[in-house]
Amino acid sequence: MTDSNRVTLGYYEESAYGAAPTGSAYLPLRITSESLSQQTSTITSAELRADRQISDVVRSNLSVSGDTSWELSYNHTDIMRRVLMSDSDWTGASTATGAIVVAAAGKTMTLSAAFGSFVVGQWVKSSGFANAANNGYFKIGAAAANVITLDTDVTLVDETGSGASCKQGDQILNGTTSASYSIIRHYEDIANGTSGHEALYTGCMPDAMSLSVTTEAVVTGGFTWIGAKATSKATRTQTVTAANTKDVMNSIENVNSMMEGGDFTPTAITSFTLNLANNLRPRLQVGTLGAVSIGSGTVNVSGTFQRYYSSSAILDKYLNFTDTNLAIAFEDPDGNAFVFEVPKVVFTSAQRVAGGQNQDIIADVSWEAMMDDTELKTIRVSKWSA
């Protein structure tokens with residue numbers, strides 16, 4: 001017998017599709033549950049027999065599918081890159097420190113010296129200012145020499161922050177570059193000498209990602225996988241490095257803000273979801289059991305959010321089919337952070353109904369993303385390490 005609490009999951013990027021690495025330490029996959037398994041397709045012989053028996057059952061295909069669910073922490077960044085099919089690794093981190101002058105009227109931050117690495121469209125994290133309004137996550141609307149203009153609707157306070165910092169986050173964007181993983185599951189309490197039993201899943205690609213924020217809860221998410229085949233081994237052949245201990249983020253203390261509108265106005269919410277799907281498909285060929293590669297489809301990004309109803313502004317955007325944008329920021333107690341941004345969305349449904357007695361009126365909104373006209377991208381994820 002074995003316990004779910006004694007399972008370790010690890011992953012490693014393959015050099016070629018379906019080729020499990022050897023002699024390498026797998027990276028740890030922090031999870032709350034998983035459902036990876038192999039599916040087998042069969043064909044029953046149609047041969048006619050006078051004794052009414054089936055002459056054969058033929059195995060016609062193999063595939064792997066399943067989910068790995070997790071609680072949001074400063075992890076999974078390489079898999080996030082692959083589920084977005086980003087054409088480059090996380091790039092863009094830059095930091096300016098020293099005297100930073102905030103001008104509330106123009107929503108500008110003037111840095112102590114020219115800093116050409118700040119890029120329009122990317123997100124910055126400012127900290128160390130005496131005025132709390134000047135600390136937070138802001139999108140860059142314009143950048144020239146040592147001055148950046150924020151494309152975020154905030155009420156700044158005039159200040160010279162002598163010990164402040166302005167840090168541009170690393171980012172990834174949706175692209176077309178794919179990669180596959182081998183995923184290994186160790187059953188730590190099935191002993192075979194000094195090794196444990198393991199299951200290996202090869203040719204696995206992340207087909208989807210989900211993110212969910214609700215009140216009084218941990219922020220949760222997951223990856224959905226599609227792969228080639230599974231192998232069972234009685235002895236351990238690979239190691240998995242120890243997982244880090246970055247804090248799990250919750251909806252009470254670690255959601256910095258959700259922002260909506262042309263200039264990303266902070267918006268109070270009671271729930272938020274984001275779902276990304278790549279519409280992957282296995283490629284099959286005669287003479288080979290299982291997929292020889294995985295084809296990619298369109299990137300679909302959609303989600304929902306809820307808020308207490310107090311204004312018709314968001315509902316009017318739905319009624320008029322007016323496009324807008326969304327972003328949500330998370331930060332753990334140590335300062336590790338993410339911003340998930342969809343620069344162009346439309347609201348596909350919205351309601352503000354009275355459900356019954358003794359209830360709040362809730363604006364319940366569904367949204368779908370599309371390519372932004374200027375940035376030519378559908379989703380951006382930015383990150384900051386403490």
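Numbers at a glance
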read-out: In order through the stretch 212-228: 3J(HN,Hα) via Karplus (6.51 cos²θ - 1.76 cosθ + 1.60), integer Hz, x for Gly, Pro; value: 9, 10, 9, 5, 6, 8, 6, 6, 10, x, x, 10, 9, 10, 9, x, 9
read-out: Protection-proxy order for peptides 351-360, 326-335, each taking the mean of Cβ atoms within 10 Å per residue, highest first; value: 326-335, 351-360
read-out: Sites matching GluC sites (Glu not before Pro) across the stretch 1-82 that sit in DSSP coil, with at most 10 neighbouring C-beta atoms within 10 Å; value: 47
read-out: Residues residue 142 and residue 360, FRET efficiency given R0 of 51 Å [Cβ-Cβ distance, rounded to 0.05]; value: 0.80
read-out: Low-density loop cleavage sites - GluC sites (Glu not before Pro) in the stretch 174-263, where at most 12 other Cβ are within 10 Å (DSSP); value: 216, 253
read-out: Residue 371 versus residue 353: modelled label distance in nm, points set 7 Å from Cα along the beta carbon direction; value: 3.7
read-out: Accessible surface, the chain, averaged per residue in Å² (probe 1.4 Å); value: 47
read-out: Fluctuation leader among 365, 119, 286 - the chain, Gaussian network, Cα springs under 10 angstrom; value: 286
read-out: Overall form of the stretch 183-268 per C-alpha gyration tensor (a/c, 1.5; a/b vs b/c); value: prolate
read-out: Residue 316 paired with residue 42, simple spin-label distance in nm, labels 7 Å along Cα-to-beta-carbon; value: 6.3
read-out: 3J(HN,Hα) from dihedral phi, the stretch 317-327, Karplus parametrisation 6.51/-1.76/1.60, rounded to Hz, x for glycine, proline; value: 5, 5, 4, 9, 6, 8, 6, 8, 9, 9, 8
read-out: Accessible area of the chain belonging to carbon and sulfur atoms, whole % at 1.4 Å probe; value: 48
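The values are calculated or read from the model by the stated rules, or taken from the named source; none is laboratory data. This is a predicted model, so every value here is computed, not measured. Note: ideal-geometry Cβ built from the backbone for every residue, glycine included; neighbour counts use all protein chains shown. Only protein heavy atoms, including side chains, enter the accessible area calculation; ligands, DNA and RNA are left aside. Shrake-Rupley method; radii C 1.70, N 1.55, O 1.52, S 1.80 Å.
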